[in-house]
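Asks: Starting off with a structure, shown below.
Bear in mind that the values in this text are calculations on the coordinates, not laboratory data. Just so it is clear, the model here is predicted, and its values are computed rather than measured. Because the Cβ atoms are built from the backbone with ideal geometry, glycine has one as well, and the counts that use them run over all protein chains shown.
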Amino acid sequence: MSVPDYMQCAEDHQTVLVVVQPVGIVPEDQFFRIYKRISSVNQVNVRDTQRALFIRYRHHYPPENNEWGDFQTHRKVVGLISVTSCSSAKEWPQTAERFHGQKELFGSTLYDSRLLVFGLQGDIAEQQRTDVAFYPSYDNCPDVEKRVEDFVESIFIVLESKRLDRATDKSGDKIPLLCVPFEKKDFVGLDTDSRHYKKRCQGRMRKHVGDLCLQAGMLQDALVHYHMAVELLRSVNDFLWLGAALEGLCSASVIFHYPGGTAGKSGARKPSISAATDTGKRHRPGAQEVLIDPGALTTSGISADTSSEIGRAKNCLSQEDIIEKYKEAISYYGKYKNAGVIELEACVKAVRVLAIQKRAMEASEFLQNAVYINLGQLSEEEKIQRYSVLSELYELIGFHRKSAFFKRVAAMQCVAPTIPDPGWKACYRLLLETLPGYSLSLDPKDFSKGTHRGWAAVQMRLLHELVYASRRMGNPGLSVRHLSFLLQTMLDFLSDQEKKEVTQSLENYTSKCPGGMNIITLPDGLKLPPVPFTKLPIVKSVSLLNLPASLRPHKVKGLPGQGVTSASPFIYSPITLHSRGDDRTKKIDFQWVQGDVCEVQLMVYNPMPFELRVENMGLLMSGVEFESLPAALSLPAESGLYPVTLVGVPRTAGNITVNGYHTSVFGVSSDCLLDSLVGVKSSGCTVEVVPSLPRLQLSTSLPRSARLCGEDLSSSVCLQLFNGETQQLVITLENIGSETLNTLEMSSKTLTTKEKLFGDFLSWDLQDALSRLPLKPGQAVTVPVDIHAKLDFSGQENLLQDLNDDGISVTGLPISSPLRQVLKPRPENKQVNADTSKSEYNHVKTLEAVLNFRYSGGLGQVEGYYREISLGVKVDVEPSVFFTRVSTLPASSTRQCHLLLDVFNPTEHELTLTARNQQLILHSSECQRMAIQVDKFDFESLPMPSHDVLRQSSLYQQEEERQQAHGGQINSTLDLRWNIISFSCQLLSSLCSSGEASVEGVLTQLVLEHMQLAPLQWDVLVNGKACDSDVVADCKVGDAVPLEVKLTNRSKSPVGPFSLTVVPFQDYQNGVQNSELQDVVTFIGSNSFYIDSVSPAGNSTCVGALLFLYTGDFYLSIKFQDDSVGRDLPPASFCLPSVHVRAQDIYTETKFALRLSA
């Protein structure tokens, strides 16, 4: 016996063997279709008995194995079913002859046979025969199963008769000796009359009867016969047949203990009726007692004595004894070289039993023994089958790696050098089956979780073999997929040289068959998932970038639905409900805009020891329609973290999610999802895409400059101005988007600065630009902006100390001489140090502001969104002039005063300062005084701030604002302008600058009080002529001179009553004044006037008269006496102008007139 049946199991001992073979030419698919229907009848309950017959079908069976049928009856072919196609009556004789030839091949052992003929019709087909069945076609054969059942019953009849014949044989000492094929020559010449020989014959026959009983469904009788055979054969040391008897005893016991079978689901059988009744009557495990009860043997298989069931249970081996008896039987088989197949099959049966008992270690010992059984010269196919079965058995007992080892050996055997036509497909299929044993999976997701499982070196070897096998199969796509899997999952275990070799091989394969993300389906239905290169490069973090400041959308405040609603019923809760979901599902707090380029930044790392080229790298998005703009990059060897920005354009509005990215590396296209990336940090991957908005591009008439610190601006300009200078900036706004611009607003913000700024730094007129709206794509508008740099013009303290002081004090502040003060080295003047002048007096100050343009249009405007574009303006302000000291002097008129300005030129150029009709020329680093006569100011007429403003500001702020308003009014009246005209011979260029010089920041409170118009205005009229300033009133001696004093109340409260006294005097211009003029000047009436209370904005007039008796210059001093209890007004309000009266006689006046006429 040279061909082992690796599918053998213990319960096969109770089956009868039926061979199903084709006769003549039968289509293979049709034959196996019929064979499947025949083999479905594997258990038949025999009529009129409680027994069942089990059938084992084979479509190929070596005739030499049939010769071992006496040794173990289940190896004997007892039935033959032939299948043939016969289309005409002429072919029938030849078909029948072939059928008889098949029967002769197994004729010595056949119990019965059948021939199934398909396609034959006519008289022959209508004949009624028991051994032949005719069917019109393979599709029209409904009773095949029924005929097979009848055939099996006929086999049972023959089997039962043989059993009865053997069991009731009365030949006495004439029992034939059953032999195996290799024993026949050994028994030639033996003494057949010896007792030893007779016992051998009896033991072998008893064992043979036990086999027949087991096949006939008489388990009780089989156990008894096996026990008797064991005793007989053991006594004569017939080890080969003793092993067979022990194996039969084990098989019967296994059938009793495991009615479901030991071959697994595929070989499971329905328990017979007798076995079902025995299930609840099994002997307890570990029982060692063996009871032989020959009286329990019956001829019908049915015993009326229930005590026989007890005998059966005791004759049955326990589960532990089964294995021990198997070991003993196998040891006996091992004594015979020609019994290698029997020994091997016994090991397989024992392993299957141990697998059910979950005794893996003992099963491995049986398998290890099976490995070393020498079966002689096996064909390559038999070797493959042997290793494959060993692999399956190791898998059955849970030795997965050992199973994978033998499966791989079988795979290598498929392509052995001795095979002329290597089976690469079979090799590839077997290699795939080894993957689970080596903790390998073709799904890369299994390698992204936790630590690596299995031996990496073995796994890489196996993957290389898969690559080679798939290449030899002529399937380069498979080679690319396996090589990609090797590079992705085993990258950490590859040396630098191996990485280079693998990548070179991959590039060679992909040059013929590029790799992709498609699922590869193998012929057997196995699907190979795609292998994305998530490690080439390795991504450490993913960040969605906000749009540039000029493109970010903003929501109009106060729109419906903009408020945030909370599910909590409380107004405030200190407990924040944090989402425990993945950070990648969080929504980001900024928006993207439909149609605009959006950016996602990846921090990547190249783990390869050489430059890594990544082509066609783009984003994978979901939620809205998205156009990815692929990029190509080259990462240096082991680059470390390297930022990569991927861009794309969302084409529709909605919520968009970044799912991952796609790459093309080494010719393999990969879609890498963020969920499959390990250790990737992300602040959220879902962002809202708002509807499209217009897009403005800003350009200016000035060149661009660096951006302002701390500001996110679209553009910036920088210019240099003198203090007080104004320059125009022209801003051009062009709609470069695809949407029409409908609204445009403009605002400015001055950045925080320590410099005091006067007036509007930036001013503009937007009406012309608004009149050009709506602005279509490609159109532009211009907006002129005036930049006015007006800072404090006051000089520094150290500059004041360097200037000469005359000691004159009018307003409480020291003032310089009204003469020209040129800073030259003179004894009475101090020279300003040149270095100090550059470092302190010419200090450049900086003003910064931001111009904001707010615009909207398109669908985004409908949803309440707008954009802002900003321009930073930086102005370096150089000093133009300094007012080092400011003071006042009274003028001849009470309604006027002299404003004295000490002006210093800190520039390097000659400067001209003009005020009304005055002009002052200052050389570089020169200081001069300018006196300007101005009318006093009525500050009370200025508008008062509202009550709300007064409530929200402090007293200090109110006072500061008041002074600023007063200074602004004074400055607008003075209209101080400076002008610089200079020509540089070296640079061949000219400088022409002009601007305003403001005194707003240099006027003190005391100066403001002296320049303020008094709340009480006094008007004195002599002879009808107003006397103020240097006006001289003329009158005639002896004539009455009318005197009128008028009071106008400009304050906010009533004043008075007042008392005025007029005192005339003469001034001799030598410091002596004579007020004793009773004989020179007399009053017509009283020299005192009384003014009652005057309401606000009211006036009161007092009238009197004087009489001058002599000629001369007289002065009238009007003294004031306040009769009110308190006085809130300043003393200056009660100073009346002095009156100068010149009295002339008639003769002098006539003489003067005659001279003029002459």
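Asks: Sort the following peptides by mean Cβ neighbour count (other Cβ atoms within 10 Å, averaged over residues), highest first: 197-210, 1008-1021, 619-632.
Replies: Ranked from most to least packed, the peptides come out as 197-210, 1008-1021, 619-632.
Asks: Of 36/445; 174/337; 36/90; 407/445, which pairs sit farther than 32 Å apart, going by alpha carbon to alpha carbon?
Replies: Where the Cα-Cα span goes over 32 Å, the pairs concerned are 36/445.
Asks: For the peptides 448-461, 1095-1108, 391-404, what is the packing order when you average, over each peptide's residues, the other Cβ atoms within 10 Å and list the highest mean first?
Replies: 391-404, 1095-1108, 448-461
Asks: Could I ask something else about it? Would you mind ranking 938, 139 by Cβ crowding within 10 Å, fewest neighbours first?
Replies: Sorted ascending by nearby Cβ count, the order is 139, 938.
Asks: Hey, if you put +1 on the Cβ of every Lys and Arg and -1 on every Asp and Glu Cβ in region 10-167, which of 45, 110, 122 ends up farthest toward the positive end of that dipole?
Replies: Final value for the positive-end residue is 45.
Asks: Provide 441, 161 in ascending order of the number of other Cβ atoms located within 10 Å of each residue's Cβ, fewest first.
Replies: With the fewest neighbours first, 441, 161 line up as 161, 441.
Asks: For a quick protection proxy, order the peptides 70-80, 247-257, 846-856 by their average other-Cβ count within 10 Å, most packed first.
Replies: 247-257, 70-80, 846-856
Asks: Something else: How charged is the neighbourhood of residue 433? Take every other residue with its Cβ under 12 Å from the Cβ of residue 433, and add Lys/Arg as +1 and Asp/Glu as -1.
Replies: Charge balance in the 12 Å sphere: 0.
Asks: For region 375-475, what class follows from the C-alpha gyration tensor (a ≥ b ≥ c being the square roots of its eigenvalues): rounded when a/c is under 1.5, otherwise prolate if a/b is larger than b/c, else oblate?
Replies: oblate
Asks: Given a cut-off of 28 Å, name the pairs among 103/162; 335/383; 527/587; 512/681; 936/1046 whose C-alpha atoms lie farther apart than that in the structure shown.
Replies: Exceeds cut-off: 527/587; 512/681.
Asks: Does region 10-167 come out rounded, prolate or oblate by the C-alpha gyration tensor, with a ≥ b ≥ c the root eigenvalues, rounded set by a/c under 1.5 and, if not, prolate when a/b is larger than b/c and oblate if not?
Replies: Prolate shape, in that a/c is at least 1.5 and a/b is the bigger ratio.
Asks: With θ set to phi - 60°, apply the Karplus curve 6.51 cos²θ - 1.76 cosθ + 1.60 along region 444-460 and write out the HN-Hα couplings as whole Hz, x wherever there is a Gly or Pro.
Replies: Each residue of region 444-460 in turn: x, 5, 5, 9, 9, 10, x, 7, 6, 10, x, 8, 5, 4, 5, 4, 5 Hz.
Asks: Further question: Most exposed first by the Cβ proxy, i.e. fewest other Cβ within 10 Å, how do 196, 482, 1140 rank?
Replies: 196, 1140, 482
Asks: Once you have a ≥ b ≥ c as the square roots of the Cα gyration tensor eigenvalues for region 612-706, tell me rounded if a/c is under 1.5, and otherwise prolate or oblate according to whether a/b is larger than b/c.
Replies: oblate
Asks: Another question, then. For residue 719, what is the net charge nearby, where nearby means another residue's Cβ is under 14 Å from its Cβ and Lys, Arg count +1, Asp, Glu -1?
Replies: -2
Asks: Which one of 493, 545, 513 is farthest out on the positive end of the charge dipole of region 469-554, using unit charges on Cβ (Lys, Arg +1; Asp, Glu -1) and the Cα centre as origin?
Replies: Of 493, 545, 513, it is 545.
Asks: A follow-up question, please. First select every other residue whose beta carbon is under 12 angstrom from the beta carbon of residue 84; then total the charges, Lys and Arg +1, Asp and Glu -1.
Replies: Summing Lys/Arg as +1 and Asp/Glu as -1 gives 0.
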